[in-house]
Amino acid sequence: MSEQVLQQGGNAMTRSRTRTIAQVAMLGAVAGVLMNLEFPIPFLAPSFYQLDFSEVPVMVGTFAMGPVAGILIELVKILVHLVTKGTMTAGVGDVANFLFGCAYVIPAGLIYRLHHKKSRSHAVIGMAAGTVVTAVLACFINAFVLLPAYGKAFGMPIEAFIQMGAAVHSSVNGLLGFAVLIIFPFNIFKYAVTSLIVFLIYKKIRVVLKGD
């Protein structure tokens, strides 16, 4: 009898693992497609900063399956994006996008999962924490890694990016001003909108994912 119980338990674990892998792949693929559907927000940032909603399925998966699953979904997302669209920054921008995505979903996932009674308030707090962490991280990575990489790839001096930023916000007069007045607000807006969408849809679609 005990052997049969153990076998049944092993089969259940195998099915659960298989289902999780399938869901990670599915959500990552959806996120990768959404990453390709991007558009500028000209009142917030120069046109080379694009808004997309690829983090929505990543965050949904994170809430349903945990932060580790969220990281794996991020990885699948980037791989799908590279295969379907390629890279214009020798992979630098894609690595940064992966880091930003992880910075967003890991704090949110931890805050949500560590509470025994998972509620919408915990989800909101988690996403708010992830949004702030990501916006701050994006300031440093954009100013010191991405902008120089883009400049090298397109043969543009840093001053050209600063001028683009000044066209959006007249107070931008250097990299620090660009980071504070352009990059930070853009990412706060981007991840706040993403969080709102997740808040509205998660409870409705989690029944088809691995439940709590």
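When exposed loop sites are taken as trypsin sites (Lys or Arg not before Pro) in a DSSP loop with at most 16 other Cβ atoms within 10 Å, the longest stretch of the chain clear of them is 119-209.
Remark: the range 2-208 carries a charge dipole of roughly 800 debye about the Cα centre, counting +1 on each Lys and Arg Cβ and -1 on each Asp and Glu Cβ. Whole angstrom only: what separates the Cα centroid of the range 66-109 from the Cα centroid of the range 34-64? Computed from Cα coordinates, the inter-centre distance equals 12 Å. Shape index of the range 134-209: Rg/Rh, with Rg the Cα radius of gyration and Rh the Kirkwood radius from the inverse mean 1/r over Cα pairs, equals 1.17.
Taking Cα centre as origin and charging only the Cβ of basic (Lys, Arg, +1) and acidic (Asp, Glu, -1) residues, the dipole magnitude of the range 112-212 rounds to 800 debye.
Counted as membrane-span-like here are DSSP H helices of the chain whose alpha-carbon atoms extend 24 Å or more along the helix's own axis and whose Kyte-Doolittle mean is 1.0 or above; these are 67-84, 92-113, 120-141, 184-205. Neighbours of Ala103, meaning other residues whose beta-carbon lies under 14 angstrom from its beta-carbon, give a summed charge of -1 when Lys and Arg score +1 and Asp and Glu score -1. In order along the range 172-179, phi translates into HN-Hα couplings of 6, 9, x, 4, 4, x, 4, 5 Hz, rounded to whole numbers, per the Karplus curve 6.51 cos²θ - 1.76 cosθ + 1.60 with θ = phi - 60° and x for Gly and Pro. Which of the lysines could a cross-linker span from Lys118 if the Cα-Cα distance has to be under 30 Å and same-chain partners fewer than 8 positions apart are dropped? Within the straight-line cut-off, Lys118 pairs with Lys77, Lys190, Lys203, Lys204, Lys210. Its alpha carbons considered, the chain gives a radius of gyration followed by a Dmax of 19.4, 76 Å.
Any read-out appearing in this document is the output of simple, stated calculations on the displayed coordinates, not a laboratory observation. As the structure is a prediction and not an experimental result, all values here were calculated from the model. Don't worry about glycine lacking a Cβ; one is built from the backbone with ideal geometry, like all the others, and counts go over all protein chains shown.
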